[in-house]
1. Please tell me if Ile97 is in contact with a Gly (Cβ under 6 Å, 6 or more places away or on another chain), at pLDDT 80 or above and either open to solvent by less than 50 Å² (accessible area, probe 1.4 Å) or within 14 Å of Leu20 (Cβ to Cβ) (or both).
2. Residue by residue through the range 74-92, note down the ones that are of a type outside the set (S, T, N, Q), free of Cβ contacts under 8 Å to residues at least 40 places away in the same chain and surrounded by 12 or more Cβ atoms within 10 Å (Cβ to Cβ).
3. Quick one: Leu139 ticks every box in (1) open to solvent by 60 Å² or more (accessible area, probe 1.4 Å); (2) over 21 Å from Glu22 (Cα atoms); (3) modelled with pLDDT under 85 bar one, so which box is it?
4. I'd like to know if the range 78-86 contains one or more residues that are on the phi > 0 side of the Ramachandran plot, modelled with pLDDT of 80 or more and assigned to a loop (DSSP other than H, G, I, E, B).
5. Please work out which residue is nearest to the chain's Cα centre (by Cα), limiting yourself to the range 51-73 and to residues that are under 28 Å from Cys114 (Cα atoms), among the hydrophobic types (A, V, I, L, M, F, W, C) and surrounded by 12 or more Cβ atoms within 10 Å (Cβ to Cβ).
6. Please go through (1) modelled with pLDDT of 90 or more; (2) open to solvent by 80 Å² or more (accessible area, probe 1.4 Å) for Gln115 and return the number of the only condition it doesn't satisfy.
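The values are calculated or read from the model by the stated rules, or taken from the named source; none is laboratory data. Please read these numbers as outputs of a predicted model, since none were measured by experiment. Every residue, glycine among them, receives a Cβ derived from its backbone with ideal geometry; neighbour counts consider all protein chains shown. Keep in mind that these areas ignore ligands, DNA and RNA; they rest on the heavy atoms of the full protein, side chains included. Shrake-Rupley method; radii C 1.70, N 1.55, O 1.52, S 1.80 Å.
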Amino acid sequence: MTRDKGARNRERHQVLKAMLEERRRQIHDKLRTLRETLPAEAGDVTDAEEQSVNDFVRDVELALIEMTSETLGQIDQALRRLEAGTYGACAQCGAEIAEARLKAVPFATLCRACQEAQESRQAEERERTPDVRPLEAVLAAEGAAPRRIR
């Protein structure tokens, strides 16, 4: 029985490692494609509107590269956890992360219950601290004295 469990664990390890490495390869390919398709700095822009569109497209592409790089880092961390034998265990409660969740999000570090609890806490925090600050707070943070409008 122990031999069967060990064989199943090795097989699971190999399947998960192959899945993570395939995802990693796909992301590397996507990054390479994004970098190759980034437009060169336009030296012959005809007007401000065209420059604005070029800037927007470049900003979106750079944001995609950044998000893809972050995902790649998460996959690398998952591979390290796999080698250390901690892959698939929730970082918060220690419970086993469901196989379906790992297939959907192979770099997940939390089980579904802990992830939902974390997202609820984050949503509550966002509700408590609004993104819009009064003008006086913005000016004070920037070191400017508030001005009176007459």
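1. On the way: in contact with a Gly (Cβ under 6 Å, 6 or more places away or on another chain): yes; at pLDDT 80 or above: yes; either open to solvent by less than 50 Å² (accessible area, probe 1.4 Å) or within 14 Å of Leu20 (Cβ to Cβ) (or both): yes.
Yes.
2. Residues of the range 74-92 that are of a type outside the set (S, T, N, Q), as a first pass: 75-76, 78-85, 87-91.
Filter once more, so that each one left must be free of Cβ contacts under 8 Å to residues at least 40 places away in the same chain: 80-81, 83-85, 89-91.
Hits for the range 74-92 are Arg81, Ala89, Cys90, Ala91.
3. (1)
4. Checked the range 78-86: at least one residue is on the phi > 0 side of the Ramachandran plot, modelled with pLDDT of 80 or more and assigned to a loop (DSSP other than H, G, I, E, B).
5. Of everything passing the filter in the range 51-73, Leu72 is nearest to the chain's Cα centre (by Cα).
6. Result: Gln115 passes all but (2).
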